[in-house]
1. Is it true that some residue in the range 249-259 is touching an Asp or Glu at 6+ places or on another chain (Cβ under 7 Å) and either in the same structural domain as V308 (by TED's automatic domain parsing) or at negative phi (or both)?
2. Show me the helices (runs of 4 or more DSSP H) found entirely inside the range 293-394 where at least 2 residues are in contact (Cβ under 8 Å) with a residue 40 or more places away in the chain and touching a strand residue (DSSP E or B) at 6+ places or on another chain (Cβ under 7 Å).
3. Output the residues belonging to the range 255-276 that are surrounded by fewer than 18 Cβ atoms within 10 Å (Cβ to Cβ) and of a type in the set (K, R).
4. Run down T237, T204 and say which single residue is surrounded by fewer than 18 Cβ atoms within 10 Å (Cβ to Cβ) and either in contact (Cβ under 8 Å) with a residue 12 or more places away in the chain or of a type in the set (K, R) (or both).
5. Which pairs have Cβ atoms under 8 Å, sit 6 or more apart or on different chains, and link a residue in the range 160-176 that is under 9 Å from S200 (Cα atoms) and assigned by TED's automatic domain parsing to the domain that holds I124 to one that is of a type in the set (K, R) and buried (at least 24 other Cβ atoms within 10 Å of the Cβ)?
6. Can you report the number of residues in the range 152-165 which are part of a loop (DSSP other than H, G, I, E, B) and either among the β-branched types (V, I, T) or more than 16 Å from the chain's Cα centre (by Cα) (or both)?
7. Being modelled with pLDDT of 95 or more, surrounded by fewer than 14 Cβ atoms within 10 Å (Cβ to Cβ) and within 19 Å of I142 (Cα to Cα): is that true of S196 here?
8. Select from the range 101-151 the residues that are closer than 30 Å to N185 by Cα, outside any helix (DSSP H, G or I) and hydroxyl-bearing (S, T, Y) and list them in ascending order.
Amino acid sequence: MLNNITVLDLTNVLAGPFCCFQLSQMGAKVIKIERPQTGDLARQLGSDEELSAMNMGVSFLAQNAGKKSITLNLKTKTGIEILNKLVKKSDVLVENFRPGIMKKLGIDYTALKKVNPNLIFCSISGFGQHGPLCEKPAYDQIIQGISGVMSITGRQQDGPMRAGYPLADTIGGLTASMAICAALNQQPRGCNIDISMLESVLSTMGWAVSNYLIGGVNPSQNGNENMTSSPSGTFETQKGLLNISANEESQWQKLVSCLKRSDLLKDYRFSTRKMRKRNRTALKEQIEKVLKTKPAIFWEAKLSSAGVPCGLVMSIPEIIKHEQITSQNFTTKLKTKNTIGRDIEVMRSAARTKTSKPQPIIPPPKLGEDTFAVLEELGYEKKIIETFMKQGVL
């Protein structure tokens with residue numbers, strides 16, 4: 001994996017920290033460099049006010065396990081000197097400052113590649129380092145709106161709707177981690193990676209964007225309906241919602257057989273895939289007449305055994321407790337009782353191999369927890385480090 005790789009994490013909040021969290025789980029040594037006193041803004045974010053007050057907010061705990069934390073004032077000459085020493089011994093640097101800030105500080109790629117020609121320098125920003133919007137501040141919701149995600153999410157009568165989690169930040173982070181892993185394979189190493197959250201999101205919207213670019217169709221909101229096929233969407237049952245995706249002809253036939261509605265096969269309105277799409281509302285009404293006689297959990301078992309793709313619409317607590325997740329040890333418990341008064345449970349990487357299961361081993365760090373240890377590794381004596389702290393460098 002990424003053993004013997006050192007990553008400097010100069011990022012804040014989500015996209016960058018999520019990227020470095022993935023690299024950490026793959027075996028990289030990640031040193032998180034934070035602002036003195038306040039640190040990563042995510043330390044104050046999350047639903048638990050007690051943890052936020054401790055500078056260990058839930059939002060921070062979610063994607064910073066496995067990292068070391070040092071504080072460093074990059075607006076000081078000494079802070080820059082320390083960073084340069086770290087860069088010299090590192091393989092990757094990830095930052096998500098507003099475009100131009102790193103250059104203003106004198107630590108952009110042009111400057112740092114002189115310190116380490118093999119450095120992989122990755123910048124993550126809302127719109128990338130160039131273009132008319134590059135200097136525009138961008139958070140996840142801004143990108144969701146500009147990218148067109150909101151215009152195709154939800155129902156038309158409700159207006160544009162954002163995805164229920166920070167989709168743009170997360171996709172941006174994943175794109176960055178993928179690019180970094182590719183760059184680590186390049187010989188000789190050393191490059192400047194420019195990650196645009198906007199383009200990262202757009203690249204995942206292949207079907208929707210291609211319907212416009214190639215098919216000339218302006219994508220629209222379709223709620224829970226899959227407009228590429230029918231019956232394919234969310235259906236009401238006696239209790240609970242059920243997603244059904246009978247996209248293939250054989251699956252359609254199995255579905256009506258399970259529902260004991262073979263008469264639908266003879267109905268001209270539903271005779272072909274094209275006709276079923278055209279008359280999807282009428283077809284849904286016919287299917288729900290049967291589904292409403294039993295709860296969703298009954299139909300999921302019955303349809304699944306017959307080979308019809310379907311699944312319950314579950315809440316986050318329900319899926320986290322589901323045997324499919326618990327049997328795979330997708331979450332892991334970390335001992336943090338000594339630092340925040342309780343142990344925590346976090347998600348691990350979704351990737352795995354036959355010989356390894358990437359996951360965080362050490363808990364998220366307190367702000368500056370590793371400052372002394374990291375600087376001593378660089379050759380600084382304890383008295384010098386204490387002086388730096390008095391000077392506000394650390």
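1. So the first thing to find is which residues in the range 249-259 are touching an Asp or Glu at 6+ places or on another chain (Cβ under 7 Å), and the list is none.
No, the conditions are met nowhere in the range 249-259.
2. Details: elements: 296-305, 316-321, 323-326, 337-340, 371-377, 382-390.
The helices (runs of 4 or more DSSP H) meeting that bar are 296-305, 371-377.
3. K260, R261, K266, R269, R273, K274
4. Working: T237 fails: surrounded by fewer than 18 Cβ atoms within 10 Å (Cβ to Cβ).
None of the others qualify; the one that does is T204.
5. none
6. Taking the range 152-165 first, the residues part of a loop (DSSP other than H, G, I, E, B) are 153-155, 159-165.
Applying the additional criterion that residues be either among the β-branched types (V, I, T) or more than 16 Å from the chain's Cα centre (by Cα) (or both) yields 153-155, 159-161.
Summing the residues that are part of a loop (DSSP other than H, G, I, E, B) and either among the β-branched types (V, I, T) or more than 16 Å from the chain's Cα centre (by Cα) (or both) in the range 152-165 gives 6.
7. Working: modelled with pLDDT of 95 or more: yes; surrounded by fewer than 14 Cβ atoms within 10 Å (Cβ to Cβ): no; within 19 Å of I142 (Cα to Cα): yes.
Criteria not met by S196.
8. The answer is S123, S125.
The values are calculated or read from the model by the stated rules, or taken from the named source; none is laboratory data. Keep in mind that what you see is a predicted model, and the values were worked out from it rather than measured. Methodologically, a virtual Cβ is constructed for each residue, glycine included, from the backbone with ideal geometry; neighbour enumeration extends over all protein chains shown.
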